[in-house]
Amino acid sequence: MENLIISTLGQGLLWSLLAIGVFITFRVLDIADLTVEGSFPLGAAISVTLVVAGVNPIISILAAAVGGMLAGVVTGLVHTKLKIPALLAGILTMIALYSVNLHVMGKANVSLLRMDTVYTYLEAMNISATWALAIVGLLVAFLSGLFLFWFFGTEIGAAIRATGVNPQMIRAQGVNTDTMIVLGLLLSNAFVAVAGALVAQGNGYADVGMGVGTIVIGLASVIIGEVLFGTRSFVKSLTAVVLGSVVYRIVIAIVLYLGMPPNDLKLFTAVLVAIALSLPTLKAKWQSR
């Protein structure tokens, strides 16, 4: 039971990077970006392929981040320059990335059997695989939170946030909103790709279909975090996203422990997100009565 709890916490912290990426587009930029369903497996594909080729696992994660950045830039340019709606731009990039991921891996699935990963460094220090996953998850979640807190406090970060809130006002200040949108998508998909790389190294493989449903998982983490922990400030919003990812993983672990068939997880997640999204409305109606 202890291993299950620690493993669930570790998975929640690793997947919180995906939730942070979704938060940047969904809440900060106010854009529904489906690129994440392609950039998540892209990060996994790049990282695993490089590790198999003998590249340092940490370097492979940085390369995955660069791949995610490029995916975000493509979506941003298609949206801002070709004037294609953001939702459709993300779908187009997601579809294109399926072929890209196949080319990167050379096949649909690549295994990391007996290969070193970021977790084996800790395991070499007599730390169990479960605790290694949790430690890496906690470290990357903490560093990501610090980086975003600093970045969105800078002039560029504030301009990205203002673009999502009031693009007309920020354009009147002489800021190019198209550039801010591209930067936001770049940053978002970099986090998503890093999440894909870390999850793939933790699972021991990368699969071309592992991105299916990731947007729903990210949205579930964001919404659950906001409902449970509030959004009174940007720091609390970031913290809520990370905690929401952990809570989501705990809920999934509980329903699996209670006997829910794994094939029903996607359906359960969709229902969970729908309930979480409707909570503010239901709460307002209840108070009005």
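The values are calculated or read from the model by the stated rules, or taken from the named source; none is laboratory data. Keep in mind that what you see is a predicted model, and the values were worked out from it rather than measured. Counting neighbours? That spans all protein chains shown, and the Cβs are built from the backbone with ideal geometry, glycine included. We work out accessible area using only protein heavy atoms, side chains counted, and drop any ligands, DNA or RNA first. Shrake-Rupley method; radii C 1.70, N 1.55, O 1.52, S 1.80 Å.
Points to keep in mind about this one:
- Residue within the range 171-193 that is under 30 Å from L282 (Cβ atoms), under 18 Å from the mean Cα position of the chain (by Cα) and of a type in the set (A, V, I, L, M) present: no
- Residue match in the range 266-275 (condition: in contact (Cβ under 8 Å) with a residue 24 or more places away in the chain, open to solvent by 70 Å² or more (accessible area, probe 1.4 Å) and either charged (D, E, K, R) or over 23 Å from A134 (Cβ atoms) (or both)): yes
- V52 vs. criteria at pLDDT 95 or above and open to solvent by 40 Å² or more (accessible area, probe 1.4 Å): yes
Residue-wise test of (1) buried (at least 21 other Cβ atoms within 10 Å of the Cβ); (2) touching a residue at least 60 places away in the same chain (Cβ under 8 Å).
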position: L185; (1), (2): yes, yes
position: F191; (1), (2): yes, yes
position: G196; (1), (2): yes, yes
position: A200; (1), (2): yes, yes
position: G209; (1), (2): no, yes
position: V222; (1), (2): yes, yes
position: V227; (1), (2): no, no
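- Selection within the range 102-155: residues that are among the charged types (D, E, K, R) and closer than 22 Å to G43 by Cα. The member of this set that is most open to solvent (accessible area, probe 1.4 Å) is R114.
- Among the candidates S233, S237, the residue that is at pLDDT 90 or above and either open to solvent by 40 Å² or more (accessible area, probe 1.4 Å) or over 24 Å from A44 (Cβ atoms) (or both) is uniquely S237.
- Lone unmet requirement of (1) surrounded by 19 or more Cβ atoms within 10 Å (Cβ to Cβ); (2) without any contact (Cβ under 8 Å) to a residue 24 or more places away in the chain for A158: (1)
- Options T93, T80, T130: the member that is among the hydroxyl-bearing types (S, T, Y), touching a residue at least 24 places away in the same chain (Cβ under 8 Å) and under 18 Å from L14 (Cα atoms): T130
- The range 1-17, subset part of a helix (DSSP H, G or I) and out of contact with any helix residue (DSSP H, G or I) (no Cβ under 7 Å at 6 or more places or on another chain), residue least open to solvent (accessible area, probe 1.4 Å): I5
- Within the range 96-121, residues that are touching a residue at least 40 places away in the same chain (Cβ under 8 Å) and among the small types (G, A, S) have Cβ atoms under 7 Å from residues that are part of a loop (DSSP other than H, G, I, E, B) and open to solvent by less than 50 Å² (accessible area, probe 1.4 Å) in these pairs: A108/V208; S111/G204, counting only partners at least 6 apart in sequence or on another chain.
- Exactly one residue out of I46, I59, I20, I24 is buried (at least 24 other Cβ atoms within 10 Å of the Cβ), over 27 Å from V247 (Cβ atoms) and modelled with pLDDT of 95 or more: that is I46.
- Scan of the range 230-267 for residues that are more than 17 Å from G12 (Cα to Cα) and of a type outside the set (D, E, K, R), ordered by number: G230, T231, S233, F234, V235, L258, G259, M260, P261, P262, N263, L267
- Which listed residue is closer than 19 Å to D207 by Cα and aliphatic (A, V, I, L, M), from M115, M69: M115
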